[in-house]
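S.K.: Sharing a structure, written as structure tokens. Questions coming.
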Amino acid sequence: MIYYTAARLASASEVQCDFPTTPLDESSTSASYVWQVSISNDNVTYSQQFTFVVYDSRCLSCDSAGTCSMKVNSRSVNVFEP
């Protein structure tokens, strides 16, 4: 799934953008989300993708590839359960 959003130029080497506040796939029960991000200033030429991992560090340990595991003494909770 592709998600487009506007970005703000923060400095010569930094942009800021907003991510959705809920998962795009609302049927997901994952506690972590991995985004492949690329940037364009003309909607034609895009930067090389980089991985952005969003997770709750109180209960998960994740690496830069988005592979996560539960921390010791943490509990599995489905936060998106209706």
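The values are calculated or read from the model by the stated rules, or taken from the named source; none is laboratory data. All values derive from a computational prediction rather than experimental measurement. We place every Cβ from the backbone using ideal geometry, glycine too, and count neighbours over all the protein chains shown.
S.K.: Suppose we keep only residues that are of a type outside the set (S, T, N, Q) and loosely packed, with under 12 Cβ neighbours inside 10 Å within the range 18-45. Which one would you say is modelled with the highest pLDDT?
M.R.: Val44
S.K.: Quick one: count up the residues across the range 46-61 that are assigned to a loop (DSSP other than H, G, I, E, B) and surrounded by 13 or more Cβ atoms within 10 Å (Cβ to Cβ).
M.R.: Residues meeting the conditions: 2.
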